[in-house]
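**Student:** Submitted below is the structure of interest, expressed as structure tokens.
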Amino acid sequence: MLRKVRSWVEICPGAALLFLFCHLGYVCGQIRYPVPEESQEGTFVGNVAQDFLLDTESLSARRLQVAGEVNQRHFRVDLDSGALLIKNPIDREALCGLSASCIVPLEFVTEGPLEMYRAEVEIVDVNDHAPRFPRQQLDLEIGEAAPPGQRFPLEKAQDADVGSNSISSYRLSSNEHFALDVKKRSDGSLVPELLLEKPLDREKQSDYRLVLTAVDGGNPPRSGTAELRVSVLDVNDNAPAFQQSSYRISVLESAPAGMLLIQLNASDPDLGPSGNVTFSFSGHTPDRVRNLFSLHPTTGKLTLQGPLDFENENYYEFDVRARDGGSPAMEQHCSLRVDLLDVNDNAPHITVTSELGTLPESAEPGTVVALISVQDPDSGSNGDVSLRIPDHLPFALKSAFRNQFSLVTAGPLDREAKSSYDIMVTASDAGNPPLSTQRTIFLNISDVNDNPPSFFQRSHEVFVPENNRPGDLLCSLAASDPDSGLNALISYSLLEPRNRDVSASSFISLNPQTGAVHATRSFDYEQTQTLQFEVQARDRGNPPLSSTVTVRLFVLDLNDNAPAVLRPRARPGSLCPQALPPSVGAGHLVTKVTAVDLDSGYNAWVSYQLLEAPDPSLFAVSRYAGEVRTAVPIPADLPPQKLVIVVKDSGTPPLSTSVTLLVSLEEDAHPVVPDLRESSAPREGESRLTLYLAVSLVAICFVSFGSFVALLSKCLRGAACGVTCFPAGTCACLTRSRRREGLPPSNGILRIQLGSDDPIKFVDVGGHSHGCTPLASAPTRSDSFMMVKSPSAPMAGEPVRPSCPPSDLLYGLEVRPLQAQPMFEGYSGPGIWPGYVPERIGLSVRARSDVIIFVSGNYVVDAVL
């Protein structure tokens, strides 16, 4: 055994150093077994277990086997003895062709741990093929004037065997005119040549039949024969002559078809047809040469007509014949060798001899994942291959020896961060330009339960319209778990605090498998506005892990409540009498209709409208305040008037109710005073609503009064008489009261007086006790300003909903909704009418149905309601 180890070290120089790479999954060793070709199945090749120092008892457990599909067809390992045996007979000629040596590299793989061993099998040639000529009859024409000593190349025989079993000699049948001479080429092959020893005389003998025999060097030797027929031609005393007896050229294997390789020249001093030279391949030129190269018969140009491959054959050597047109024709031959230059036209080939496929995330760094080998059929630097993987992966490549690599882990693995890896292995050669090949190794990482389920959000907000149907889907609380298998199966449960009066389970149901939340009953906004609960997600790991999420459910109001009339109070279907003094003027307050809506937002915003009246021109109803006033003076003989007032909310679709008033003239009628007794004794369920309404009205009044006082004090900072000076040098006194033609005086006047040096910052065109919000803001450009509604201004052309009833400002006269539009000097558009002011005061008027704006240059100087 010690002797085998010593001889193995001699075979592998530097073996002591290469033993350091054994932990990478490779075992160094270069053992060669010779075996004759065509050996029968079961033939003993060598004992790999003994040569690799393996325990024969553990061969079955470690699954010692030959790697590679091609080698597995010819060899197998006996796991009982560790012997390498022939599986199928090997034909050396089919495997290695005409190569002088036939070496088959073998790789052996064992598991537990994963290791690789290398050996070589030399397929020894046996003399199982006899030499064969391309044709059984070889024809040759020689002129009778050919001088003794002239040589004529003959077709050589082919032998599939190599080495000593290949062709070793040629023999020619005995005759008095010819002899056989054998020329040895640089590759070791033999080419027979017919040597003329005595002059020929066509008149005595016109042809000769000879036997050419090729003999190989096997034991026993094998031979092949061909009949050589020599025809003697009439005299042609000058043969063509090449400039050189042999030519040698080089060409890249990537040369394109049609490329000119060389132009041969041959001269013949004869005149006429005897001096016309034609070129052709010699008769013994193989077909593969004729298919690759083309020789022009008159110019002697040799061109490429087929693809070259350095890896299949790195040179071609053949003879070219120059023949004249005399009778008989004379010819001369030259030898031509074409050497192929290798180019980098073959990409490396990657072979993964063994890979794990699955690796636990607890694997230690340095664990072998796969064994990789690379090959490149190119030569020189074109065949030098390097291997690499992406830098961001927790893996590394370790090289044991040339073109053999181990893929190992280089750091800790985390399946939750990445459950699988597609490791892209790239092999690149050193050619110019370099070629590369990629192969992906797939590796799965096994899991442990170390992650709790997680929701996409810490809290969810769900908005549900009221009056929903029981069973409607409210939301889906999906949680994710990066683990796999049972560790990732999640169940959901509802958690409720114990100290809450309202139970969430009475409103909702939770699907334990999907986390879908459904309504179990219909929500009523007037009873329940919000609902809060928690949902727990729990996996099935051991131990199980869980997490929770808070859900806040908001009920959205729908317009499901019609307005209710609070005052004047009347039973359904009955009339509400209202007394009116005789001969009252226009604008007299008849009564005030007050209604509330239990809904919220726009659904609770009510408006009033006169639906029916004997004479609609007598009375007017404030749209938003509900005040019923006289529109014209009332005659003293007016009969009782039945007025139907419709109260409508702003919902979609709107809901409405009506109240019928019976207005009659009475001498002792008093001004409308609210019925304090009725107010002081509200019915059950209305007391709280009345209290809220009262508090809101009081708050609005305080805010409006404060705003009015502040703006009024600001206006009074100017001249007492309201004199305003303008950039044109003129001054105007703007009085505090202006009246529109045909309209009653406004109950609120807002005047802003600024000097020409003070740009307008803010204009509040509002009212009084109702607390209107600003309707005009500072202009965005110096020559225009926009009518807007604070705090969010609409775009031009968009309807603006007033923040206070316009009817309160204009004594019951209905106006269109405010339209936000830019106002330029001299601009006339929908809802805007230029006014007239004497030019001497430098004023222009911007008037609307609800506000008049006075402008001087780029400044707003006054606004009157």
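The values are calculated or read from the model by the stated rules, or taken from the named source; none is laboratory data. Note that the structure is predicted; figures quoted are calculated from it, not measured. As a convention, Cβ positions derive from the backbone with ideal geometry for all residues, glycine included, and neighbour counts pool all protein chains shown. Protein only, heavy atoms only, side chains kept; ligands, DNA and RNA dropped before computing areas. Shrake-Rupley method; radii C 1.70, N 1.55, O 1.52, S 1.80 Å.
**Student:** Please work out if GLU203 is part of a loop (DSSP other than H, G, I, E, B), open to solvent by less than 30 Å² (accessible area, probe 1.4 Å) and not assigned by the TED database to the domain that holds PRO286.
**Tutor:** no
**Student:** Mind counting the residues in the stretch 356-384 that are part of a strand (DSSP E or B) and out of contact with any His (no Cβ under 6 Å at 6 or more places or on another chain)?
**Tutor:** 10
Residues are listed down the side, and each one gets a yes or a no for (1) open to solvent by 20 Å² or more (accessible area, probe 1.4 Å); (2) among the charged types (D, E, K, R); (3) out of contact with any Gly (no Cβ under 9 Å at 6 or more places or on another chain):
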position	(1), (2), (3)
GLN578	yes, no, yes
PRO581	yes, no, yes
GLY587	yes, no, no
VAL590	no, no, yes
TYR602	yes, no, no
GLN609	yes, no, yes
PRO633	yes, no, no
ALA636	yes, no, yes
GLN641	no, no, yes
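**Student:** So, one more: Is one or more of the residues making up the stretch 453-476 in contact with a Cys (Cβ under 7 Å, 6 or more places away or on another chain) and over 23 Å from PRO544 (Cα atoms)?
**Tutor:** Step one: of the stretch 453-476, the residues in contact with a Cys (Cβ under 7 Å, 6 or more places away or on another chain) are 460, 462.
Pick out the ones that are also over 23 Å from PRO544 (Cα atoms) and you get 460, 462.
Within the stretch 453-476, one or more residues are in contact with a Cys (Cβ under 7 Å, 6 or more places away or on another chain) and over 23 Å from PRO544 (Cα atoms).
**Student:** Okay, moving on. If you go through the stretch 409-425 one residue at a time, do you hit one that is in contact with a helix residue (DSSP H, G or I) (Cβ under 9 Å, 6 or more places away or on another chain), surrounded by 14 or more Cβ atoms within 10 Å (Cβ to Cβ) and of a type in the set (Asp, Glu)?
**Tutor:** Pass one, the stretch 409-425, residues in contact with a helix residue (DSSP H, G or I) (Cβ under 9 Å, 6 or more places away or on another chain): none.
Looking through the stretch 409-425, none of the residues is in contact with a helix residue (DSSP H, G or I) (Cβ under 9 Å, 6 or more places away or on another chain), surrounded by 14 or more Cβ atoms within 10 Å (Cβ to Cβ) and of a type in the set (Asp, Glu).
**Student:** Within the stretch 325-341, is there a residue that is among the hydrophobic types (A, V, I, L, M, F, W, C) and in contact with a Cys (Cβ under 6 Å, 6 or more places away or on another chain)?
**Tutor:** Checking the stretch 325-341: not a single residue is among the hydrophobic types (A, V, I, L, M, F, W, C) and in contact with a Cys (Cβ under 6 Å, 6 or more places away or on another chain).
**Student:** Here is a check on your reading of the model: is SER406 farther than 17 Å from ALA488 by Cα and touching a helix residue (DSSP H, G or I) at 6+ places or on another chain (Cβ under 6 Å)? Break it down stepwise before answering.
**Tutor:** Working: farther than 17 Å from ALA488 by Cα: yes; touching a helix residue (DSSP H, G or I) at 6+ places or on another chain (Cβ under 6 Å): yes.
Taking the combined requirement at face value, the residue satisfies it.
**Student:** Just to be sure, is TYR208 among the aromatic types (Phe, Trp, Tyr) and either in contact (Cβ under 8 Å) with a residue 40 or more places away in the chain or not in a strand (DSSP E or B) (or both)?
**Tutor:** Here the answer is no, as TYR208 does not meet what is asked.
**Student:** Just checking, how many residues over the stretch 611-627 are assigned to a loop (DSSP other than H, G, I, E, B), of a type outside the set (S, T, N, Q) and either crowded, with 16+ Cβ neighbours inside 10 Å or not assigned by the TED database to the domain that holds LYS642 (or both)? Full working, then the answer.
**Tutor:** The first filter runs over the stretch 611-627 and keeps only residues assigned to a loop (DSSP other than H, G, I, E, B), leaving 613-618, 622-626.
From what is left, the residues that are of a type outside the set (S, T, N, Q) are 613-616, 618, 623-626.
So of that shortlist, the ones also either crowded, with 16+ Cβ neighbours inside 10 Å or not assigned by the TED database to the domain that holds LYS642 (or both) come out as 613, 618, 623-626.
Total satisfying the criteria: 6.
**Student:** Taking the condition assigned by the TED database to the domain that holds SER547 and more than 30 Å from ILE445 (Cα to Cα), does SER506 pass?
**Tutor:** For SER506, the condition - assigned by the TED database to the domain that holds SER547 and more than 30 Å from ILE445 (Cα to Cα) - is met.
**Student:** Moving on to the next point. I'd like to check which strands (runs of 3 or more DSSP E) are fully inside the stretch 480-574 and have at least 2 residues that are over 30 Å from LYS642 (Cβ atoms).
**Tutor:** Correct list: 490-495, 508-510, 516-519, 530-539, 546-556.
**Student:** Has the stretch 518-528 got at least one residue that is in contact (Cβ under 8 Å) with a residue 60 or more places away in the chain and more than 18 Å from LEU556 (Cβ to Cβ)?
**Tutor:** Within the stretch 518-528 (the criterion being in contact (Cβ under 8 Å) with a residue 60 or more places away in the chain and more than 18 Å from LEU556 (Cβ to Cβ)), the answer is no, since none of the residues qualifies.
**Student:** Name the single residue, out of those in the stretch 220-251 being among the β-branched types (Val, Ile, Thr) and closer than 30 Å to LYS204 by Cβ, that is surrounded by the fewest Cβ atoms within 10 Å (Cβ to Cβ).
**Tutor:** Step one: filter the stretch 220-251 for residues among the β-branched types (Val, Ile, Thr), giving 225, 230, 232, 235, 249, 251.
Narrowing further to those that are closer than 30 Å to LYS204 by Cβ: 225, 230, 232, 235.
Details: THR225: 17, VAL230: 22, VAL232: 20, VAL235: 13.
Within the stretch 220-251, the match that is surrounded by the fewest Cβ atoms within 10 Å (Cβ to Cβ) is VAL235.
**Student:** When the stretch 252-261 is examined, which residues are found to be touching a Leu at 6+ places or on another chain (Cβ under 6 Å) and surrounded by 14 or more Cβ atoms within 10 Å (Cβ to Cβ)?
**Tutor:** Result: LEU252, GLU253, ALA255, LEU261.
**Student:** Something else now. Could you tell me whether any residue of the stretch 539-548 is open to solvent by 70 Å² or more (accessible area, probe 1.4 Å) and in contact with a helix residue (DSSP H, G or I) (Cβ under 6 Å, 6 or more places away or on another chain)?
**Tutor:** yes
Residue by residue, here is whether (1) surrounded by fewer than 19 Cβ atoms within 10 Å (Cβ to Cβ); (2) out of contact with any Gly (no Cβ under 7 Å at 6 or more places or on another chain) holds:
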site	(1), (2)
LEU341	yes, yes
ASN346	no, yes
VAL352	yes, yes
GLY357	yes, yes
ALA363	yes, yes
ASP376	no, no
GLY380	yes, yes
SER386	yes, yes
ASP391	yes, yes
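**Student:** Moving on to the next point. So if I check each of THR660, THR724, which one is on the phi < 0 side of the Ramachandran plot, open to solvent by less than 40 Å² (accessible area, probe 1.4 Å) and at pLDDT below 75?
**Tutor:** The unique qualifying residue is THR724.
**Student:** Output the residues belonging to the stretch 107-164 that are closer than 30 Å to SER406 by Cβ and of a type outside the set (A, V, I, L, M, F, W, C).
**Tutor:** Taking the stretch 107-164 as the starting set, the residues that turn out to be closer than 30 Å to SER406 by Cβ are 107-123.
Hits for the stretch 107-164 are GLU107, THR110, GLU111, GLY112, PRO113, GLU115, TYR117, ARG118, GLU120, GLU122.
**Student:** In the stretch 121-147, which residue that is open to solvent by 30 Å² or more (accessible area, probe 1.4 Å) and not in a loop (DSSP other than H, G, I, E, B) is nearest to SER327 (Cα to Cα)?
**Tutor:** For the stretch 121-147, the residue satisfying everything is GLU141.
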